[in-house]
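The values are calculated or read from the model by the stated rules, or taken from the named source; none is laboratory data. The structure presented is a predicted model; accordingly, all values stated were derived computationally and were not measured. Using ideal geometry, Cβ is built from the backbone for each residue, glycine included, and neighbour counts are taken over all protein chains shown.
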Amino acid sequence: MHKKLFIPGPVDVKKDVLEKMATEMIGHRTKDASELQKRITGKMQKLMYTKNPIILSTSSGSGLMEGAVRSCSSKKIAVFSIGAFGDRWHKMAVSNGKKADKFSSELGKPTTAEMVEEALSSGEYDLVTITHNETSTGIMNPVEEIAEVIKKYPEVIFCLDTVSSLGGAKVEVDKLGVDICITSTQKCLGLPPGLAICSMSEKAIEKAKTVENRGMYFDLLSLYETIVKKDHQYPSTPSLSHMFALDYKLDQIIEEGIEERFDRHSEMAKYVRTWAKMNFEMFAEEKYASNTLTTVKNTKGISVKELNEKLGERGFMISNGYGDLKEKTFRIAHMADTTLDDLKVLLKNIEDVLEI
């Protein structure tokens, strides 16, 4: 029995989108492949509110996150962490031989503009990484406030992880001044995992030209130059199947209405937060609560593992807490093509199982 997924990726994928993955292959060096990439670029630029070029990577979002820190820093990186995925970005930087400092917030709290100001005012850093939406804690960072600080330091490359938010929350890349904005397919975009996407500014491109030892597969400059100079081609074979599905899915997103899609995610988030406060507590500070996932504090001392097992028997799946938050929290994702009615059914089943 298929379990309807309310986890922070992968998400349920519509049958017609899955069927697009089975499109007959084309040559990846053909004009048809170039046209496919061009179409994806135009639609992603609309969704990301950017004029910057769009790069695809046959990887998870982590691939482009690693590519960003490796390709665009020659000095020192300031990594701001609000949970497990900010920690991961710091580990990537260090493991690639980059100098990096990590600035961590208390779990359930955001990165603040003041934190970023204090770090960047030192003049030590040439690249900053921000997690827009942290699925371990359910925090969505105040990126607009943070961006205003980073703009005061034009020599610093601004990298933003929107893996679990882009397509479910408005991220105006150019207005925010984001140099590298990274996402992937298996969350708010409503596709299977396996493809990562980023935009890359001219400033980031020029910075990468000055950085040695950028690696090979995740060398963002190589990816960019191949796309631009070789008519939307790639240095290695891309996942055409994902590209067919992404091209098709972006049409659906545009047809729904980009702003309407964001509104739907906001409505779902508000509903789940209200439920969480009535029956448990929210883990995140509500002012900074995510619009794509809610982390619920396990104030009743339930066995989240047993709850999920019983939900599985009914055809549903939620997520236990992540890392040190396992059994202390549980997580309900409300992203991609999930509807408010879907969530109402899930929450009713949770209430039935727990008899609350």
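Some notes on this structure:
- Considering VAL296, VAL211, the condition of being among the aliphatic types (A, V, I, L, M), outside any helix (DSSP H, G or I) and not assigned by TED's automatic domain parsing to the domain that holds ARG39 is satisfied by VAL296 alone.
- Residue count for region 306-323 under the criterion of being over 15 Å from LYS3 (Cα atoms) and touching a residue at least 12 places away in the same chain (Cβ under 8 Å): the result is 4.
- The single residue among THR226, THR274 that is assigned to a helix (DSSP H, G or I), surrounded by fewer than 16 Cβ atoms within 10 Å (Cβ to Cβ), free of Cβ contacts under 8 Å to residues at least 24 places away in the same chain and β-branched (Val, Ile, Thr) turns out to be THR274.
- Region 33-88: number of residues that are crowded, with 22+ Cβ neighbours inside 10 Å and small (Gly, Ala, Ser): 9
- Residues in region 229-247 that are of a type in the set (D, E, K, R) and assigned to a helix (DSSP H, G or I): LYS229, ASP247.
- A Cβ distance below 6 Å, combined with a sequence gap of six or more or placement on separate chains, defines the contacts here; from region 94-106, residues that are farther than 19 Å from VAL211 by Cβ reach residues that are among the small types (Gly, Ala, Ser) and not in a helix (DSSP H, G or I) in the pairs LYS102/SER81; SER104/SER81.
- Residue in region 52-59 that is in contact (Cβ under 8 Å) with a residue 24 or more places away in the chain, among the small types (Gly, Ala, Ser) and touching a Lys or Arg at 6+ places or on another chain (Cβ under 9 Å) present: no
- Between SER184, SER165, the distinction of being crowded, with 24+ Cβ neighbours inside 10 Å, modelled with pLDDT of 95 or more and out of contact with any Leu (no Cβ under 8 Å at 6 or more places or on another chain) belongs to SER165 only.
- Output for region 42-87, where each listed residue is assigned to a loop (DSSP other than H, G, I, E, B), of a type in the set (Lys, Arg) and under 28 Å from PRO110 (Cβ atoms): LYS75, LYS76
- Conditions (1) buried (at least 20 other Cβ atoms within 10 Å of the Cβ); (2) of a type in the set (Val, Ile, Thr); (3) touching a strand residue (DSSP E or B) at 6+ places or on another chain (Cβ under 6 Å); number of the one not met by THR299: (1)
- Complete set of residues in region 315-334 that are in a loop (DSSP other than H, G, I, E, B) and closer than 28 Å to GLY167 by Cβ: GLY315, ILE318, GLY321, TYR322, HIS334
- Residue check for ILE130: surrounded by 24 or more Cβ atoms within 10 Å (Cβ to Cβ), assigned by TED's automatic domain parsing to the domain that holds SER62 and under 23 Å from ASN291 (Cβ atoms): yes
- Among the residues of region 88-103, the one identified as part of a strand (DSSP E or B) and either under 19 Å from the mean Cα position of the chain (by Cα) or aliphatic (A, V, I, L, M) (or both) is ALA100.
- Conditions (1) assigned by TED's automatic domain parsing to the domain that holds ASP337; (2) assigned to a loop (DSSP other than H, G, I, E, B); (3) free of Cβ contacts under 8 Å to residues at least 60 places away in the same chain; number of the one not met by ASN291: (3)
- From the options GLY190, GLY194, residue that is outside any helix (DSSP H, G or I), touching a strand residue (DSSP E or B) at 6+ places or on another chain (Cβ under 9 Å) and not hydrophobic (A, V, I, L, M, F, W, C): GLY194
- Residues that are over 16 Å from GLY83 (Cα atoms) and of a type outside the set (Gly, Ala, Ser), drawn from region 102-115: GLU114
- Of all residues in region 89-104, those satisfying the criterion of being crowded, with 22+ Cβ neighbours inside 10 Å and not aliphatic (A, V, I, L, M) are TRP89, HIS90.
- Boolean, PHE103 is over 18 Å from THR183 (Cα atoms), in contact with a helix residue (DSSP H, G or I) (Cβ under 7 Å, 6 or more places away or on another chain) and not acidic (Asp, Glu): yes
- So GLU148, is it more than 29 Å from THR41 (Cα to Cα) and out of contact with any strand residue (DSSP E or B) (no Cβ under 6 Å at 6 or more places or on another chain): no
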